[in-house]
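K.L.:
One structure coming up, written as structure tokens, with questions to follow.
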Amino acid sequence: MAWPQPRFTDAGDGTVLDNLTTLVWTKDAQHIKGTMSWVDALAACNSLVFAGHGDWRLPNVRELLSLIDYEQHDPALPQGHPFEDVQYLFYWSGTTYDASPVNAWGVYLCNGYTFNYHKTTRAYVWPVRSAEPGDKQAPSILTGHQAE
């Protein structure tokens, strides 16, 4: 699937709409500051009220990977992306590692590689939410949200 132009739209309220997936991300990839365990990351996202919305969550691994452009490094995000304070390290996803449920998947934003770590490991957190009802919804094949 070809990327739409523009790929991202800065909403002007601290959020960015991904026009490919219709997911809404915080513009500041460090909106939730610092690193934390997976359980704390889930709680921080689920309790976040920002830009008039309280339905933020920890993205699943497919949603995080939907941001990745493997031709880019440090960060592995599309050229011209509008995001700020992107850390080039490991970001948690909400996806548990099936082979070892004490681990969860995440993505290194320096290169887009996925890995799983014990859920007590401290990692970065980037909240996401789905577009408003009535907006064009992201196909589940792109985000995997309904499949997880």
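K.L.:
Under the condition of being among the hydroxyl-bearing types (Ser, Thr, Tyr) and out of contact with any helix residue (DSSP H, G or I) (no Cβ under 8 Å at 6 or more places or on another chain), which residue from the stretch 58-100 is nearest to residue 126 (Cα to Cα)? Outline the logic, then answer.
P.N.:
Within the stretch 58-100, the first condition is being among the hydroxyl-bearing types (Ser, Thr, Tyr), and the residues that meet it are 66, 70, 88, 91, 93, 95-97, 100.
Next, from what is left, pick out any that are out of contact with any helix residue (DSSP H, G or I) (no Cβ under 8 Å at 6 or more places or on another chain): 70, 88, 96-97, 100.
Numbers: 70: 19, 88: 12, 96: 16, 97: 19, 100: 23 Å.
Filtering first and then ranking leaves 88.
K.L.:
Name the residue that is nearest to residue 104 (Cα to Cα), counting only residues in the stretch 32-90 that are of a type in the set (Val, Ile, Thr) and surrounded by fewer than 16 Cβ atoms within 10 Å (Cβ to Cβ). Write out each step before concluding.
P.N.:
Applying the first criterion (of a type in the set (Val, Ile, Thr)) to the stretch 32-90 yields 32, 35, 39, 49, 61, 68, 86.
Subsequent filtering for residues that are surrounded by fewer than 16 Cβ atoms within 10 Å (Cβ to Cβ) retains 39, 49.
Values: 39: 10, 49: 24 Å.
Only one residue fits best here, namely 39.
K.L.:
Residue 88: farther than 21 Å from residue 4 by Cα, assigned to a loop (DSSP other than H, G, I, E, B) and aromatic (Phe, Trp, Tyr), yes or no? Lay out the reasoning, then the answer.
P.N.:
Values: farther than 21 Å from residue 4 by Cα: yes; assigned to a loop (DSSP other than H, G, I, E, B): yes; aromatic (Phe, Trp, Tyr): yes.
For residue 88, the condition - farther than 21 Å from residue 4 by Cα, assigned to a loop (DSSP other than H, G, I, E, B) and aromatic (Phe, Trp, Tyr) - is met.
K.L.:
Which condition number in (1) touching a helix residue (DSSP H, G or I) at 6+ places or on another chain (Cβ under 8 Å); (2) buried (at least 16 other Cβ atoms within 10 Å of the Cβ) is the one that residue 27 fails?
P.N.:
Checking residue 27 against (1) touching a helix residue (DSSP H, G or I) at 6+ places or on another chain (Cβ under 8 Å); (2) buried (at least 16 other Cβ atoms within 10 Å of the Cβ), the one that fails is (1).
K.L.:
Report, ordered by the first and then the second residue, all pairs with beta carbons closer than 7 Å, sequence separation of six or more or different chains, a first member in the stretch 47-75 that is more than 20 Å from residue 89 (Cα to Cα), and a second member that is assigned to a helix (DSSP H, G or I).
P.N.:
Qualifying pairs under 7 Å: 56/45.
Every number in this text was worked out from the coordinates using simple rules, so none of it is lab data. Predicted model only: the values in this text are computed from it and were never measured. Neighbour counts run over all protein chains shown; Cβ positions are idealised from the backbone, glycine included.
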